[in-house]
Every structure is written in C-alpha cells, then in structure tokens.
1. Which condition breaks for residue A:12 when tested against (1) among the aliphatic types (A, V, I, L, M); (2) crowded, with 20+ Cβ neighbours inside 10 Å; (3) touching a Ser or Thr at 6+ places or on another chain (Cβ under 9 Å)?
2. Could you tell me which numbered condition residue B:292 fails, if it satisfies all but one of (1) out of contact with any Ser or Thr (no Cβ under 8 Å at 6 or more places or on another chain); (2) within 14 Å of chain A (Cβ to nearest Cβ); (3) hydrophobic (A, V, I, L, M, F, W, C)?
3. Give me a count of the residues in the range A:23-63 that are within 8 Å of DNA strand D (Cβ to nearest atom), away from every other protein chain (no Cβ under 12 Å) and either assigned to a helix (DSSP H, G or I) or surrounded by 11 or more Cβ atoms within 10 Å (Cβ to Cβ) (or both).
4. Only residues that are open to solvent by less than 10 Å² (accessible area, probe 1.4 Å) and either more than 8 Å from chain B (Cβ to nearest Cβ) or in a helix (DSSP H, G or I) (or both): list them for the range A:70-94, please.
5. Taking residue A:199 and the conditions (1) part of a helix (DSSP H, G or I); (2) under 23 Å from residue A:240 (Cα atoms); (3) open to solvent by 20 Å² or more (accessible area, probe 1.4 Å), which numbered condition does it fall short on, given that it satisfies the others?
6. Inside the range A:237-255, can you point out the residues that are within 14 Å of chain B (Cβ to nearest Cβ) and under 19 Å from residue A:217 (Cβ atoms)?
2 protein chains.
Amino acid sequence: MAGRARATMKDVAALAGVSPKTVSNVVTGTVFVRPETVERVEAAMTELHFVPNLSARGLRNGRSGTIAVALPDLATPYSAELLHDLVEVAHERGLAVQVEETGAEPGREVELLSRARAHLIDGLILNPIRVEDSAVEYADHLPPVVLIGEVEQRVTDHVIVDSRAASRDITRHVISRGARRIAAIGGDENPEKETAASRLRLDGYRDALRDAGIEPDPRLEINPLPWTTPSAAAAVDGLIASGVEFDAVVAFTDTLALGVLHSLATHGKRVPDDVLVTGFDDVEMARFSSPALTTIGFDLRRVAEEALSLLNRRMTERTAPARSVTVPYELIVRASTGD
Amino acid sequence: MAGRARATMKDVAALAGVSPKTVSNVVTGTVFVRPETVERVEAAMTELHFVPNLSARGLRNGRSGTIAVALPDLATPYSAELLHDLVEVAHERGLAVQVEETGAEPGREVELLSRARAHLIDGLILNPIRVEDSAVEYADHLPPVVLIGEVEQRVTDHVIVDSRAASRDITRHVISRGARRIAAIGGDENPEKETAASRLRLDGYRDALRDAGIEPDPRLEINPLPWTTPSAAAAVDGLIASGVEFDAVVAFTDTLALGVLHSLATHGKRVPDDVLVTGFDDVEMARFSSPALTTIGFDLRRVAEEALSLLNRRMTERTAPARSVTVPYELIVRASTGD
DNA sequence: CTGAAAGCGCTTACAG
DNA sequence: CTGAAAGCGCTTACAG
C-alpha cells in the first residue's frame, strides 16, 4: 500500500455502487442506511483500506476533533498525572489531545493562545501560571478555553481547588503538631515572581499563622524558582546555612517538598522528629518518599472530567457566562508530620 | 470578535487589494513578494485578525504539521520526561504534538496505529511495550513511524539504548560491591508478560550473573505488573515475607526502584548497608530519593532529537531502508550502592 | 433511504 | 512579481 494513493469516499462509493453521500452516511452514522447497503459499503472500505481524511472533514464542518492541553512543564509529576487523566477522559469522549508547554516565561501563554496552531483545535485547556498575564483578556479571539487552577478572573470557565483554604488547613495541621517556626517554600511577595498558586497558598499560610498568633517572618518565606525539586533542595540548603531556626516546612507543591526532604536528609535533620514537612497535590511519589508526605489531595480524574465538560459546553454555547467548578480537597496526613 | 465569522484569505486579499494567491505567498513566505505589498497584506491580516485555516492547508498539501507521540503511561516520570523533550524538540522544528496512551494492553498499540485519527498526523513516535505485538507489520498502511526503545525488528526506524548491555553493567556493579543474592525486579520468563525491555534487561542481568559464576535463582526474578512504584513495593514486601534471602535488588526502571526503596525502608532494611538497590533511566527523582539511586542514565534530549530526525527523514523518503540509532548510556553510581 | 451539486479555505500549476 | 482557475476530500442543504 505504501506509495499507492489513499482511497477516498469517491473510490469507496464507486466500488460499492453507491454515491459518496451514502458512504458518508455510513461513516458518520448519523442517518439510517439500509443494512445491505451498509454491508456493501463496509466491504468496500475494508478492501480499499479506507480512512476518512480528517482535514477534509475538519474543513467542511469546522471542527477538528482535537483539543489542546497547555501545561507549564510536562516533566513535572503533577503535570504528568493531570495530562494522563485529561488524555484518558478526552479519548473516552472521542477527542484527540495536542500538548503544549508554556514554560516559565509568562509571555508563552499569550503567544501560544494567539498562535496559528491553536486554531486547528476545537478548544484549549490551560493550566496557567500567572494571574494577570493569563491571556484571558484575548478570550474573544480564542477557541473555547477552560482554565485549571486558581486565577482571579471571571472571563473564562475554570476548574479550581480552593488553594488558600487548603494551604491554611495544612499549615494549621503543622501548628497543631507543635510547630511555631514554619518555613513556606513557594511563597513570594515580589509581584514579578508571584503566581496564582504562590499568592493564594502564601495567603492561606499566613491566615493560619495569624489565627495562631504567630508573627510571620520574611526570612522563612522562600520562593525557589523554578518550582522544581532541585531548586527547593537548594533553597533549604540556603535556609539551613543562614542559621535561621525552623521546626516545619510547608512546601507549596509535592515536587518542592521532595527537594525539602532531600536537603534535610543531607543535613542529618530527621523528619518528623526535628522538622515537620508538608507538600501539596498528592502526587504518587508523596506516598513513597521517606518519610511519606503529608499533603493536600484532590481527585485529578474529577478535575479532568469537569474541565472537559466545561469545554464541551463552551464549544456549543460560545457566549454563555463563565462558569466555575470547585473540586474538593482533603488533608492527607502521613509520616512526614508524625502521624 | 466572538461569533463574528473568521476572516479568510479572500477577505484579506480584498482589503489589501491583491489576489488570494498573493496573500498565500506572504503567509507561506516561499515566494518573494514586493515589500510594499507585504506590508499592505500584513496590515490587512492584523486588522482582520487573520489566522490561516490549517484544515484547509492540510487538505490541500496533504500535511497537517502534527505528529503523534504514543507512550504506555503518561503519568510515569520516565514518560513525562521523554514527552517533555519530544515536545520541546518538535516545537523547535515547527511541529505540533498529539499524545496517545497505549496503556498496558498490547492490543492498544495496533488499534491506535490503525485508527482513523492517526491519519490526520504526519508521523508517529511510538514507545512500544511488546515485541511481537508492535504493530510494525502494518507499517505499509501507516504514517511514518519511529520507535523509541528496544524492539527486535527491522521494519521501522528506531532509536535504542543497549538495554541488555546496560543491565549487565549495572548488575556487574552490584556484584563488584559484594552482592551475590541479587533480586531482579521486572524480569519475566512468561512470554505472555514479557516485554522488550523486560526480556533484554533480564538477559543482561543473567549475563552478569553467569560471568561471575552465580547460579540464577528463579525466586529472585519477579515481575510486578504493571511496572509501577506501588506494585514494585508490593513485590518486595512479598519477597521479604517469603523468607528468600537477598543482598541486592536490581530494578529494571527507576519507578520500580523507588517502590523497592520504600518497601525496604518499611521493613527496616537499610540501603546500602543491608541491601544494595539500583534503577534504570535516571529520572529526576533518582537523584532525590533516600538514598539517591545508582542507575543507568542516557540523554533523553538526544533521544528526542534522533527520533525526530529519523521521522523527518522518513516523511520525505518513505521507502528508504529502516535506520537504527543507538544512544549511549552510562552507569551512574550513587548512595544506594554505597558509593 | 439515496443522488447531484455546491462549497469549506487553502495552494498548486498555468499564465502573464 | 501577481491573477484566475481548479481541486484537495469531505458534508450540508436540496431534491427525489
């Protein structure tokens, strides 16, 4: 078959002795076709190895059957797990998934959205990093968009977890276990470096401190960029070297927390005996680290389903008001806070 | 703009006072167009928010500018890191990437390849699990395919790492550190469960044992399916419960090795003092586990580049003989074998 | 239940 | 350097 021209509906129609329209009806299955006819057409399709040309279909009906998923860093465990669920759910719903990486640069999100490529897709699921920079103001020129993650805007649909409350809860938890000098890894005052997650989780952390009457210490608020395991390890190395005392570390993602554990182990600090440690996201490694991580968990499969449902609705009702779905979280207590 | 019809080249041409052909020339940039004309056309495109319809272009020139990447499980750290590099390289070369998950079921690979969707793509990069089942025999009816990973066939292009030699080397390493009772996690005799990686890494492990005069013990060859961290942990739990003695564990992926470390820690076995442990792949967590993992590393970015180069060549020369590129590996010694 | 015609938005020869 | 025509392979009205 290599090299031989691909069969078209016209070829199939000729072989089956029907019109192209009938072949189309058989392929799409929207109209009832007489069983004998269906059989003849299917036999012809098999014989010719017919596969519909999706470019042609897409051109005709204006939909490609493909959505894009844009994530900051595909190599991160959290992104990988989220992508896994999104692809699974999308395929169940008959949609193909194209992936894009926005990276650390805020501009990439905007660029990506306005890029030509984006317009071969029927919709976009975006996990944004930045608040203001999120290209949502361009929503008018965009395909349907659903945001995953906390962003303070009401222009597009989004699926959120209440990060601030979750961060407050997990910080309260370490306070309840006796911690007073609690480092926050991922928080930042600098609006240049601030992200939606960073801002909200820092707010939640401070809420808990305030409620407990603990004075925040700027030296304990560290934002290692990018949010990776090695940079978190380096941040804790630095904290230890600085001599600032601490008895707990609240990391704003599990990926960061794994670096925290590594640094503490390197310096001979025992978790949870000397220092309590928590993460956020409940990635698979959070259960298998030494010690296992106390963290915030939520149902990623559910997030994926909600995102695709919102996107699907948006594809049909373009002008409906923006919807927001909140997925519940739970505090998962493990050995890293001495369960 | 929402709801308003998208501008076409015809609209742009009308506004700029040129023919659609000229607009096309400006957009594709293949033919020289007079600077004043270019400027007029570009102004018109901006004004109308023109974006070329890629379905139409795809229909016309037979290429979509999209490739597919099919991996067994997107949530696995190794897959995630590989996808990250593939997407990065593909984007540098102007290609979009569609992702597919083949899962554990061997049939999915075949199904996927023959599925209609596959034909909207210009090529496919596949990380196959099974040897025989890999749908490579269908290569004639397929878009250009490049395999990543060891598969014993010469029908399609592929990028490989010499798994057998690598597995032999790392097993030799633990033998050199004094181990004699070495468990292999991921090896399997059962052809039903055997995969390309499983087969070759088991062969390499046995090569090393034979060279050292150590008799293989079937009770030490365990294949936890699927190849995940929890199943590896459960496998080692079982091994310990069985009472079979061992002084080292050679895991066939880092993901498995992380589960091995977890199980050993749970049972109070110290690594490397009581048991040596090794992995394969050098994922990021291999550096941050406690202890850090001795493993086999290779350049994933390089793998991605080679795969895309092969695919690109295949897209132009469909009938050229299959090529194979071998990427070098290295033994990375870390604390888990007592460095 | 099926056919003949038209058109989705591009780009490729073919002319000038 | 630019235009007018044709066609990539489908599907959507419009007829019967």
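The values are calculated or read from the model by the stated rules, or taken from the named source; none is laboratory data. Everything numeric here is computed off the predicted structure, so don't read it as measured data. So basically every Cβ, Gly included, is an ideal-geometry build from the backbone, and we count neighbours across all protein chains shown. Just the protein is used for accessible areas: all its heavy atoms, side chains included, with ligands, DNA and RNA removed. Shrake-Rupley method; radii C 1.70, N 1.55, O 1.52, S 1.80 Å.
1. All conditions are met except number (3).
2. Tallying (1) out of contact with any Ser or Thr (no Cβ under 8 Å at 6 or more places or on another chain); (2) within 14 Å of chain A (Cβ to nearest Cβ); (3) hydrophobic (A, V, I, L, M, F, W, C), residue B:292 fails exactly one: (1).
3. Number satisfying all stated conditions: 3.
4. Within the range A:70-94, the first condition is being open to solvent by less than 10 Å² (accessible area, probe 1.4 Å), and the residues that meet it are A:70-71, A:74, A:79-80, A:82-83, A:86-87, A:89-90.
A:70, A:71, A:79, A:80, A:82, A:83, A:86, A:87, A:89, A:90 - these are the residues of the range A:70-94 that are open to solvent by less than 10 Å² (accessible area, probe 1.4 Å) and either more than 8 Å from chain B (Cβ to nearest Cβ) or in a helix (DSSP H, G or I) (or both).
5. Against the list (1) part of a helix (DSSP H, G or I); (2) under 23 Å from residue A:240 (Cα atoms); (3) open to solvent by 20 Å² or more (accessible area, probe 1.4 Å), residue A:199 comes up short only on (2).
6. Those that are within 14 Å of chain B (Cβ to nearest Cβ) and under 19 Å from residue A:217 (Cβ atoms): A:237, A:251.
Let's see how each residue does on (1) open to solvent by 50 Å² or more (accessible area, probe 1.4 Å); (2) outside any loop (DSSP other than H, G, I, E, B); (3) among the acidic types (Asp, Glu):
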site	(1), (2), (3)
A:268	yes, no, no
A:271	no, no, no
A:280	no, no, no
A:286	no, yes, no
A:295	no, yes, no
A:302	yes, yes, no
A:307	no, yes, no
A:315	no, yes, no
A:330	yes, yes, yes
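Okay, residues lined up against (1) of a type in the set (A, V, I, L, M, F, W, C); (2) closer than 30 Å to residue B:238 by Cβ; (3) not assigned by TED's automatic domain parsing to the domain that holds residue B:214:
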position: B:254; (1), (2), (3): no, yes, no
position: B:261; (1), (2), (3): yes, yes, no
position: B:276; (1), (2), (3): yes, yes, no
position: B:280; (1), (2), (3): yes, yes, no
position: B:305; (1), (2), (3): no, no, yes
position: B:323; (1), (2), (3): no, no, yes
